[in-house]
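Worksheet: the structure to be examined is printed underneath.
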Amino acid sequence: MTTNGILCQVNGTQVYLDPKRAVSNSINFVSHAHADHLPSKNGGTILSSYETSEIANLRGFRMENHVFEHDEYTLVDSGHILGAKGILIDDVFYTGDISTRTRGFLEAAKIPQCKTLITECTFGLPEFVFPKTEEIESQVNQIISEHYSRGIPVILMGYQLGKAQTISQLFGHWEPLYYHDSVKKMNDLHRKLGVNLKESIGHSEAESQGLLDKKPWVMVAPLMSEKNFFVKHMKSKYGAVTIGFSGWAKSPRFVFGRRSDYSIPLSDHCDFNELVSMVKQSGAEKVYTIHGFVNEFAEILKKQGIDAQPLKEESLDDFI
Ligand SMILES: [Zn+2]
Ligand SMILES: [Zn+2]
């Protein structure tokens with residue numbers, strides 16, 4: 001681990017994993033296009049999926065010297081968002097952000113066998129166990145249907161990249177369906193990249209055409225606080241209710257769950273049980289934890305007889 005992300009050196013090759021700045025004379029692996037994984041500067045060769053480079057482009061980062069694949073390394077679908085990959089470098093597997101659960105158009109990640117596993121552990125505490133996607137679907141359809149019968153519009157909120165597309169697909173059968181302008185931009189790109197999402201108009205256009213006055217309707221929007229102008233406006237003008245989708249939704253320890261009228265624990269990451277079974281499935285002899293509850297999750301793995309430790313800057317020497 002370096003101050004510029006993880007440097008993986010195996011058999012004389014050098015790969016930076018999700019570096020903050022891409023490094024010259026190196027391979028820079030970008031697992032996916034979420035802001036915390038995108039480099040802020042070009043440099044060297046960037047290795048990522050085609051979808052990741054397209055989404056990055058939409059978000060204002062154009063990758064130079066970009067390759068989609070590499071002879072020596074295997075990119076593995078990580079099921080996190082469109083185009084998200086993990087990477088297998090010799091017998092080291094880096095998960096990036098990962099989900100082993102199928103949700104809408106996102107297929108569950110298939111975990112390769114490895115000796116060393118570098119895994120995220122965003123939800124690496126036993127309290128984070130998420131319900132099945134089908135249960136979430138029926139619960140949310142129920143909530144929407146109750147409000148529809150009373151003419152009340154419903155706003156479904158999730159991160160603009162990833163969650164918003166999954167929600168757009170899972171609940172796209174509701175009519176009329178509108179998208180927040182920023183979600184529309186991302187959904188249109190996803191449709192261009194082959195994801196089956198309903199085509200619809202953005203909220204500004206819907207509002208200027210007076211369509212939002214014809215209630216009820218469903219809208220997909222980014223995750224926003226109740227204090228946000230957009231949410232306040234939609235509530236006071238149209239009486240809309242909000243449903244927030246987040247892995248943090250049911251956690252009393254985190255404020256995220258209190259942002260909306262309803263909070264639904266739908267995540268683009270593995271829950272605790274999925275993390276543990278992924279570790280076991282990989283057959284890894286050594287596990288390094290990054291992102292999230294790194295100390296706690298490593299401790300839990302150790303109690304189960306798995307050699308695990310958080311990946312911190314000082315552990316560089318052990319790792320190489
Ligand atoms: Zn991510
Ligand atoms: Zn992340």
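Grab the Cα-Cα distance for I152 and L58, subtract it from 0.36 nm times how many residues apart they are, and report the gain in nm with one decimal. Present the calculation step by step, with values, prior to reporting the outcome.
Details: separation 94, 0.36 × 94 = 33.84 nm, distance 3.34 nm.
Going from the current span to full extension adds 30.5 nm.
Of all DSSP beta bridges in the range 1-127, what percent run antiparallel (nearest 5)?
Looking only at bridges with both residues in the range 1-127, the antiparallel portion is about 55 percent.
Just by accessible area at a 1.4 angstrom probe, what is the order of H147, H66 from largest to smallest?
I get H66, H147, largest accessible area first.
If you roll a 1.4 Å probe over the heavy atoms of the protein chains, what accessible area per residue do you get for the range 33-96, in Å²?
Details: 2730 Å² over 64 residues.
Here the per-residue accessible area is 43 Å².
Tell me whether the range 21-110 comes out rounded, prolate or oblate; compute the Cα gyration tensor, take square roots of the eigenvalues as a ≥ b ≥ c, and use a/c under 1.5 as the rounded threshold.
Details: a/c = 2.14, a/b = 1.28, b/c = 1.67.
Verdict is oblate for the range 21-110.
Multiply the residue separation of E69 and D307 by 0.36 nm, subtract the distance between their alpha-carbon atoms, and state the gained length in nm to one decimal.
Taking E69 through D307 to full extension adds about 82.6 nm, to one decimal.
Where both residues lie in the chain, what percent of DSSP beta bridges are antiparallel, nearest 5? The partial results should precede the final answer.
On the way: 16 of 52 bridges.
Bridges in the chain are about 30 percent antiparallel.
Counting other C-beta atoms within 10 Å, and keeping those with at most 13, which DSSP coil trypsin sites (Lys or Arg not before Pro) do you find in the range 108-188?
Listed in order of number, the matching sites are K110, K115, K132, R150.
Are any of the pairs K132/K214; K110/K250; K184/K215; K41/K163 more than 29 Å apart by Cα-Cα distance, and if so, which?
The pairs that break the limit, which is 29 Å between Cα atoms, are K132/K214.
When the chain is fully extended, how far beyond the present Cα-Cα distance does E205 get from Q14, taking 0.36 nm per residue of separation?
On the way: separation 191, 0.36 × 191 = 68.76 nm, distance 4.89 nm.
This chain segment gains 63.9 nm when fully extended.
With a 1.4 Å probe and all protein chains kept in place, how much accessible area does F297 have, in Å² rounded to the nearest 10?
Its accessible surface works out to 0 Å², give or take rounding.
Hey, can you rank 134-141, 4-11, 244-251 by average C-beta count inside 10 Å, highest first?
Ranking, from highest mean packing down: 244-251, 4-11, 134-141.
What residues qualify as long-range amide H neighbours of I98, i.e. H under 5 Å apart, gap of 5 or more or another chain, H built at 1.01 Å from N?
C270
Where does the chain land at 222 nm, in deg cm²/dmol rounded to the nearest 500, when only DSSP H runs of n ≥ 4 count, each adding -39500 (n - 2.57), divided by all residues?
Counting only the DSSP helices, I get -8000 deg cm²/dmol.
Residue by residue through the range 142-149, what is 3J(HN,Hα) from phi via Karplus (6.51 cos²θ - 1.76 cosθ + 1.60, θ = phi - 60°)? Round to whole Hz and write x for glycine and proline.
Along the range 142-149, the couplings run 4, 4, 4, 5, 4, 6, 4, 5 Hz.
Projected onto the charge dipole of the chain (+1 at Lys/Arg Cβ, -1 at Asp/Glu Cβ, origin at the Cα centre), which of P310, L17, N141 gives the Cα projection farthest towards the positive end?
N141
In sequence order, what are the phi-derived ³J(HN,Hα) couplings for the range 71-83 according to the Karplus relation 6.51 cos²θ - 1.76 cosθ + 1.60 with θ = phi - 60°, rounded to whole Hz, with x for glycine and proline?
3, 8, 10, 10, 8, 10, 4, 9, x, 8, 9, 4, x
Output ³J(HN,Hα) for the range 167-183: one whole-Hz value per residue in order, computed from phi by the Karplus curve 6.51 cos²θ - 1.76 cosθ + 1.60 with θ = phi - 60°, and x for Gly and Pro.
5, 4, 7, 5, 10, x, 7, 6, 10, x, 10, 10, 10, 4, 3, 5, 6
Under 8 Å for C-alpha pairs, at least 6 residues apart: give me the relative contact order for the chain, rounded to a whole percent.
Relative contact order here is 17 percent.
Can you give the FRET efficiency to the nearest 0.05 for E226 and S24, using r as the Cβ-Cβ distance and R₀ = 41 Å?
Given R0 = 41 Å and the Cβ-Cβ separation, E is 0.35.
Filter the cross-link list K198/K235; K185/K227; K280/K303 down to pairs whose alpha-carbon distance in this structure exceeds 18 Å.
Correct reply: K198/K235; K185/K227.
The values are calculated or read from the model by the stated rules, or taken from the named source; none is laboratory data. Computed from a prediction, not measured in an experiment: that's the story for all the values here. Ideal geometry is used to build each Cβ from the backbone, glycine not excepted, and the neighbour counts take in all protein chains shown. Heads up: the accessible areas ignore ligands, DNA and RNA and are worked out on the full protein's heavy atoms, side chains in. Shrake-Rupley method; radii C 1.70, N 1.55, O 1.52, S 1.80 Å.
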